[in-house]
């Protein structure tokens, strides 16, 4: 059973439909007490980091997620804003606090003459074909929608990149912690394969 975290910061339906299609056993969780009953966590999100940070605090999910991921080693997948929230801080909407699961910060993507912000659309991700990327073609395309990106300060964190205003982190991995800046639930075969691979870890 995977906990699909719902703190009213995303459209849970698209991720739910992807998991239904894959036959993955999950439940939508908005009560912190239910997290420990599951074997894995998927945390999707859209919108502003500062609002999500406050919702994490008020819902009681912040400490529960940290306890289960860090102390119980529960597999965790953050999607889009859900990935950004595993960082220490973000500057979106003023500096605010993330979950601090990895040593990272979230900053706005700089605009240039060739790129618009937000970054919307399909971009390829260079990856190693291992773990949650098993069975996915090298440099596979995934679907992105974001205005902020992660900067990782810990060299032990595995990072895969896409090319958008220079190298932009598209994926992070540290032990049982996984983060996708792209939306696997909107990335057709490649995204569904990644979700299936993650569910296998749970």
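The values are calculated or read from the model by the stated rules, or taken from the named source; none is laboratory data. Only a predicted model underlies this, so the values are computations on that prediction, with no experimental measurement involved. All Cβ positions, glycine included, derive from the backbone under ideal geometry; neighbour counts span all protein chains shown.
Using the structure shown, decide if residue 141 is touching a residue at least 24 places away in the same chain (Cβ under 8 Å), within 25 Å of residue 20 (Cα to Cα), surrounded by fewer than 20 Cβ atoms within 10 Å (Cβ to Cβ) and more than 15 Å from the chain's Cα centre (by Cα). So residue 141 passes the test. Which count do you get for residues in the range 159-185 that are within 14 Å of residue 141 (Cβ to Cβ) and modelled with pLDDT under 95? The qualifying residues number 2.
Listed by position, the strands (runs of 3 or more DSSP E) inside the range 1-56 whose residues that are touching a residue at least 24 places away in the same chain (Cβ under 8 Å) and either closer than 22 Å to residue 144 by Cβ or over 17 Å from the mean Cα position of the chain (by Cα) (or both) number at least 3 are 40-45. Once the range 121-137 is narrowed to residues that are out of contact with any helix residue (DSSP H, G or I) (no Cβ under 8 Å at 6 or more places or on another chain) and within 14 Å of residue 170 (Cα to Cα), the residue that is surrounded by the most Cβ atoms within 10 Å (Cβ to Cβ) is 125. Scanning for something over 25 Å from residue 4 (Cα atoms), at pLDDT below 95 and not in a loop (DSSP other than H, G, I, E, B), does the range 194-201 turn up at least one residue? For the range 194-201, residues over 25 Å from residue 4 (Cα atoms), at pLDDT below 95 and not in a loop (DSSP other than H, G, I, E, B): absent.
Which of the residues that make up the range 172-192 are under 17 Å from residue 100 (Cα atoms), in contact (Cβ under 8 Å) with a residue 60 or more places away in the chain and not in a loop (DSSP other than H, G, I, E, B)? Result: 172, 174, 177, 178, 179, 180. Filtering the range 142-157 to residues that are under 21 Å from residue 89 (Cβ atoms) and in contact with a helix residue (DSSP H, G or I) (Cβ under 9 Å, 6 or more places away or on another chain) leaves 146, 148, 149, 150.
The set of residues in the range 79-120 that are touching a helix residue (DSSP H, G or I) at 6+ places or on another chain (Cβ under 8 Å) and buried (at least 18 other Cβ atoms within 10 Å of the Cβ) comprises 79, 81, 84, 85, 90, 92, 96, 98, 99, 101, 106.
If you check residue 31 against the conditions, is it modelled with pLDDT of 90 or more and within 19 Å of residue 171 (Cα to Cα)? Considered against the rule, which asks whether it is modelled with pLDDT of 90 or more and within 19 Å of residue 171 (Cα to Cα), residue 31 comes out as no.
Only a single item in (1) surrounded by 18 or more Cβ atoms within 10 Å (Cβ to Cβ); (2) over 14 Å from the mean Cα position of the chain (by Cα); (3) under 19 Å from residue 120 (Cβ atoms) is not met by residue 148, and it is number (2).
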